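Written out below as structure tokens is the structure these notes cover.
The values are calculated or read from the model by the stated rules, or taken from the named source; none is laboratory data. Note that the coordinates shown come from a computational prediction; the quantities given were computed from them, not determined experimentally. Cβ coordinates were reconstructed from backbone atoms using ideal geometry, including for glycine residues, and neighbour counts include every protein chain displayed. Side chains are part of the model used for accessible areas, which takes the heavy atoms of the whole protein and leaves out ligands, DNA and RNA. Shrake-Rupley method; radii C 1.70, N 1.55, O 1.52, S 1.80 Å.
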Amino acid sequence: MKGFLLSVLMLLTSLSAFSSQELPLEYFIKHGDYLDLALSPSGKHIAARVQVDGRVFLVLLKTEDMSIVGGIRPQNNDIIHTVNWVNDERVVFEYAEKQSYLDSPIPTGELYAMNIDGSQRELIYGYRAGDQKTGSRISSKDDSKASQEIISFLDNDDDHILIVEYPWTKDGKFYYDRREKPALISRLNVYSGKKRKLEVLPYGSSSALANKFGDVKFMTWRDDNNVQHSAYRSNNDDEWIPLEEAFENASGLLPLGQSEDGEFVYLSGRFGDEGISTLFSLHLQSGEYKRVFSDHATDIEYVVLDRNGMPAVGITYPSRSSYVYAQTETKVSKVHKMLAEAFKGQTATIASHTKDWKTLLVRVSSDVNPGEYYLFDSDTLSARFIWANSSWIDPRLLLSMQPVAIPTDDGETVNGYITLPASKKSDKKPPLVVVIHGGPHQSGTRDFWRYDSETQLLANRGFAVLRVNFRGSDGYGKRFERLGYQEWGGTMIKDINDSVKWAIEQGYVDGERVCAYGASYGGYAALMAAVRDPDLYRCTIGYVGIYDLQYVYSESDIPTSWGGKAYLQEVIGTDKAQLAAFSPITHADKIKAKVMLIHGSKDRRVPEINAEALADKLAKVNNPPVYLQYSQAGHGVYDEGDRQELYQGMLDFLSTNLM
């Protein structure tokens with residue numbers, strides 16, 4: 001193990017250097033190559049989703065020498081969306097299909113299966129799964145106009161998996177996966193595709209939690225008021241009862257997983273005045289609760305499980321990534337502490353493992369590392385490097401994200417990250433681009449200390465980049481997130497602008513050369529920031545942004561999604577005067593900054609009418625925007641050729657206005 005630690009430390013030392021070398025644009029706009037890897041139960045093979053030229057293939061590798069032994073190359077620009085091992089010889093995988101009207105492939109809910117050697121390849125679930133045998137009217141599989149999710153791989157049953165089915169909703173000529181109808185629990189044969197319906201869950205927008213034996217003891221659902229509920233039953237034949245009635249003090253807890261021995265369940269919940277998200281364990285027999293982790297200041301974002309299927313390690317982001325360990329130490333937590341030391345300064349997770357836990361697939365990443373995979377032998381404590389994601393990028397040429405904590409004038413703290421370009425011979429301070437994240441108010445909608453291609457592209461081209469988690473962001477507890485409710489154009493924007501002023505006051509950047517940029521909510525905020533403080537910005541870029549909050553109710557697909565209208569009423573309100581006051585389109589005449597708008601014509605979340613209406617308003621006040629329109633794009637541009645044009649256009653716009 002000492003040799004392993006030494007080699008890793010030498011690698012990390014070599015990566016600490018950086019350069020001002022300008023890297024090709026395509027390095028940053030290409031999708032990653034090895035998207036994810038998974039070990040087979042025995043560890044003899046690895047399944048990998050590999051991306052080449054915008055296409056995602058399934059590749060099956062022999063672990064011993066990483067030679068290719070099989071795989072699938074989808075046709076018609078379709079991609080492999082997910083892949084899982086169901087036993088040591090067979091994988092199941094989903095396609096996302098390329099449609100003529102949209103640039104990004106769309107998951108169809110269909111499930112395929114095949115053996116390692118490519119034999120017995122079958123479409124085992126989906127809307128086209130039904131087949132007719134020649135000379136017979138008997139169909140061995142059913143068409144299912146639904147999406148599916150695997151909830152148990154059924155230990156000791158190599159032929160079946162347990163799935164939850166989400167029936168589609170028909171709207172006009174098309175079907176949509178809105179999760180409005182009650183879900184079904186079914187047992188699916190991974191060889192023949194034969195399916196047996198076991199039960200129907202009693203609520204719409206529901207999901208189920210099953211153990212390795214196929215017992216479904218927990219379910220959750222969200223009502224049309226956007227309130228989440230959970231229920232429990234002791235066995236599959238019992239009636240469902242609300243979780244808070246089955247167990248004391250269970251209100252507000254959400255079951256996430258069950259232990260391998262069937263004795264425990266772990267649940268998400270919140271603690272303290274800040275409402276920090278953490279995990280609890282519940283002993284099903286005694287009803288005893290325990291906090292899994294000791295106190296931590298920010299939400300648990302990722303969990304590594306132990307051999308019993310219970311949380312061993314939590315990853316949280318107070319600034320850089322940080323680990324918290326379960327109060328009951330296990331072999332997995334001991335191994336992870338060793339990995340954390342070996343890969344100090346990075347984030348180490350266990351991405352996959354063999355059934356006996358002898359071999360672990362470890363993923364290591366950081367702000368300047370898009371992700372590396374190692375095979376770790378838990379007996380010999382030795383590791384072998386396998387692959388680096390975005391392998392064309394040399395981490396030594398990337399620039400670090402420095403955590404910052406910015407006090408607000410009302411006593412809050414806005415946390416974030418600043419990335420400075422490589423120093424030049426000139427003493428001139430760099431221009432600043434404040435990059436504003438999307439969301440908000442949803443799980444994961446915050447900025448993290450991790451590799452971000454946009455940040456690295458901008459820094460590589462000489463721009464300082466500031467990313468902040470303004471109030472309303474996820475990750476800092478429920479209280480902080482709720483501070484953003486009905487403040488989309490108010491204190492949330494003030495946090496962003498005050499953070500920019502802080503960076504200027506600290507001497508990091510040139511206060512005369514500042515631009516705002518963001519996508520979705522971030523696109524909205526980039527325009528509102530220029531409305532609220534017109535003299536602070538030379539330019540602003542809105543990417544698939546909302547520019548009239550009335551359109552969120554009348555044009556977006558959010559109100560038609562389950563609980564969507566209730567969500568909007570809570571986070572932006574219904575007062576028309578307030579919605580108008582918080583809409584950039586109302587204040588087009590106040591925007592002094594030069595504007596760039598980027599939008600996809602097939603965007604259903606934020607329809608293009610937002611950009612079109614704002615462009616018209618800006619033209620009328622003699623500030624016509626640069627407008628990049630993508631006819632095949634939805635809520636974000638997927639096609640790599642279009643992404644090349646988009647980001648080159650953005651760099652040209654920034655250079656014109658800031659350099």
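So if I place +1 on the C-beta of Lys and Arg and -1 on the C-beta of Asp and Glu, and nothing else carries charge, what would the dipole magnitude of the chain be about its Cα centre? I want it in debye, nearest 20.
920
For the range 305-376, what does the alpha-carbon gyration tensor say about shape, rounded, prolate or oblate, given a ≥ b ≥ c as the root eigenvalues, a/c under 1.5 as rounded, and a/b over b/c as prolate? Mind dumping the intermediate values first?
Values: a/c = 2.09, a/b = 1.24, b/c = 1.68.
Since a/c reaches 1.5 but b/c is at least a/b, the shape of the range 305-376 is classed as oblate.
To the nearest ten degrees, helix 2-15 and the longest principal axis of the Cα atoms of the chain are 30 degrees apart.
Specify whether the C-alpha gyration tensor of the range 233-370 places it in the rounded, prolate or oblate class, a ≥ b ≥ c being the square roots of the eigenvalues: rounded for a/c under 1.5, otherwise prolate if a/b is larger than b/c and oblate if not. The partial results should precede the final answer.
Numbers: a/c = 2.49, a/b = 1.52, b/c = 1.63.
Cα axes put the range 233-370 in the oblate bin.
Applying 0.36 nm per residue to the separation of Asp53 and Asn225 and subtracting their alpha-carbon distance, the gain on full extension is 57.6 nm. Rounded, prolate or oblate for the range 453-582? Axes are the square roots of the Cα gyration tensor eigenvalues, ordered a ≥ b ≥ c, and the cut-off for rounded is a/c under 1.5. Here the range 453-582 falls in the prolate category.
Mean residue ellipticity at 222 nm, helices only, the chain: -5500 deg cm²/dmol; runs of at least 4 DSSP H residues each add -39,500 (n - 2.57), and the sum is divided by the number of residues. Per residue, the accessible area of the chain comes to 43 Å² when a 1.4 Å probe rolls over the protein heavy atoms.
Structural size metrics of the range 445-486, computed from C-alpha coordinates, are Rg and Dmax of 13.1, 38 Å. Remark: the Ser423-Asp377 segment gains 12.4 nm on full extension, using 0.36 nm per residue and subtracting the alpha carbon distance. Sequence neighbours fewer than 8 away in the same chain don't count; with that in mind, list the aspartates and glutamates whose C-alpha is under 12 Å from Lys594. Answer for Lys594, where 12 Å is the Cα cut-off: Asp535, listed by chain and number. When the convex hull of its Cα atoms is viewed from all sides, the range 537-659 shows a mean projected area of 8.1 nm².
Provide Ser234, Ser520 ordered by accessible surface of protein heavy atoms (probe 1.4 Å), highest first.
Details: Ser234 55, Ser520 25 Å².
So the residues, ranked largest to smallest area, are Ser234, Ser520.
For the range 179-249, the relative contact order comes to 20 percent (Cα pairs under 8 Å, sequence separation of at least 6). Charging the Cβ of each Asp and Glu at -1 and of each Lys and Arg at +1, and nothing else, the dipole of the range 473-560 about its Cα centre rounds to 160 debye.
Taking the Cα centre as origin and putting +1 on Lys and Arg beta-carbons and -1 on Asp and Glu beta-carbons, what dipole magnitude results for the range 395-518, to the nearest 20 debye?
On the way: 16 positive and 15 negative charges, 95 e Å.
Once rounded to the nearest 20, the dipole reads 460 debye.
Normalised by the number of residues in the chain, the mean separation of alpha-carbon contacts (under 8 Å, six or more apart) gives a relative contact order of 10 percent. Residues whose amide H comes within less than 5 Å of that of Val414, counting only those at least five positions distant or on another chain, are Ile406, Thr408 (H built at 1.01 Å from N in the peptide plane).
Computed from phi, the 3J(HN,Hα) profile of the range 361-366 under the Karplus parametrisation 6.51, -1.76, 1.60 (θ = phi - 60°) reads 9, 9, 10, 10, 8, 6 Hz, with x in place of Gly and Pro. Only one residue of Gln632, Ser251, Pro24 has its Cα farthest out toward the positive end of the dipole of the chain, where Lys and Arg carry +1 and Asp and Glu -1 on Cβ, and that residue is Pro24.
Taking every Cα-Cα distance in the chain and sorting them into 10 Å bins from zero, the calculated P(r) comes out as 3, 14, 23, 28, 21, 9, 2, 0, 0 percent.
Could you work out the relative contact order of the range 140-261? I mean the mean sequence separation of Cα pairs under 8 Å and 6+ apart, divided by the number of residues, in percent. Walk me through the intermediate numbers first.
Working: 252 pairs, mean separation 21.5, N = 122.
Across the range 140-261, relative contact order equals 18 percent.
Surface composition of the chain: carbon plus sulfur atoms contribute 47% of the solvent-accessible area (1.4 Å probe, protein chains only, all chains present).
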